[in-house]
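Some notes on the structure that comes next.
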Amino acid sequence: MERIEANAIIILCILSVLEKYSDADHILSMKDILSHLKAIYAIDLDRRTVYRNVTALIEFGIDISIFEDNKRGYYLREREFEPSELHLLSDAILSAEFIPEAQGKKLIQKLQNLGSRYQTKSLGRLAFVKTNKKSPNKEIFFNIEMIDEAIKNKKQIEFQYTTYDIDLIQKPRRKEKYLVSPYVLYWGSGQYYLISNLNPHLDLCHFRVDRIKNISATDFPVKKIAPGFDVYEYAKNSLFMFGGETESFTICCDRKILNDVVDQFGDKIIIVDSDQDSFTTVVKATTDGMRIWAIHYFESCKVLSPEWLVEDINTAIRKGMKNYGIKNIDDESKI
């Protein structure tokens, strides 16, 4: 038994050395491997033992390039992630506002273990980037686990939902807890959202996961969604993660914001008319989200239908003009 355990430790140590110190640009000689094993793990081995264990790793399915392949030495040829993929994931962690800064750095450090020390050296610098805004909620990963479990078990959850007060401290929005039926966790607009139903309302609502606190599971079954309703499709159409019914909207936009429209609504939009300066398209989005988007782009985009949104934006623009002391649209001297 002791011999089996010792052999298991040796093969794991050799694999660890190859994972940390080898790649296509950093090929280890037999001397290098023996040196690392002695320096890191205080293990003295002969060459034949290393040969035998490397062969066993290859037979197990580990893709290791050996001296006979490259005429230089040994390196781990294939990994779960390419260096570019690890960098992309690290950037995503860094930019995700719902991940607290300290926990984000720990995640990046874990990603570093998935490549050689040379491949992930740049990730170490990312782990020390300072950010201006990071969620203070240290319960975020616990929340995600609890919500995932509730979605899997089709059980309702309850929690406190926080909001900022004027003193910039997060406080519960109301005294009683929210009781919701959780359906989907969705990352949108730089935040992580729970899409759910809030009793006793009929429609869907969104909660930012980083603002959820004191979450607990219940034995109440979730409220069933209407047959054929796709929650992920709904989430994709929820601009800025604002809810409402999903509708089709006809908009006429300046050509200069075509890329912005494609970025927001996808490259499957229907262009129904166009000229050198503008284009008209039909897009799908939630009603509340589309209202916000249309107001944001009101200088370069005009909503043609439905009529209720045209009137709503007209009212919003006039209210905005009033806030800036503009009495009518032609009174540019007061802008």
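The numbers here are math on the coordinates, done by the rules we state, and not lab data. Predicted, not measured: the structure shown is a model, and the values here were computed from it. Glycine also receives a Cβ, built like all others from the backbone with ideal geometry; neighbour counts cover every protein chain displayed.
Its alpha carbons considered, the stretch 83-126 gives a radius of gyration followed by a Dmax of 9.6, 29 Å. Note that the stretch 23-34 has calculated 3J(HN,Hα) couplings of 7, 4, 9, 9, 8, 8, 7, 4, 4, 4, 4, 4 Hz, one per residue in order, obtained from phi through the Karplus relation 6.51 cos²θ - 1.76 cosθ + 1.60 (θ = phi - 60°); glycine and proline are x. By other beta-carbon atoms within 10 Å, ranking 68, 158 with the fewest at the front produces 68, 158.
Per-residue 3J(HN,Hα) values for the stretch 248-253, derived from phi via the Karplus relation 6.51 cos²θ - 1.76 cosθ + 1.60 with θ = phi - 60°, read 9, 10, 9, 10, 10, 10 Hz in sequence order (x marks Gly and Pro). Using θ = phi - 60° in the Karplus curve 6.51 cos²θ - 1.76 cosθ + 1.60, the 3J(HN,Hα) couplings for the stretch 86-95 round to 5, 5, 4, 5, 5, 4, 5, 4, 5, 8 Hz; x is entered for Gly and Pro. Taking only the C-alpha atoms of the stretch 140-236, the Rg (one decimal) and the largest Cα-Cα distance, Dmax (whole number), read 13.3, 45 Å. Residue exposure proxy: 116, 29, 90, 16, ordered by other Cβ atoms within 10 angstrom of their Cβ from fewest to most, comes out as 29, 16, 116, 90. Sorting 249, 242 by the number of Cβ atoms found within 10 Å of their own Cβ, with the fewest placed first, yields 242, 249. For residue 187, nonlocal amide neighbours, meaning residues 5 or more places apart or on other chains whose placed amide H falls under 5 Å from its own, are 193.
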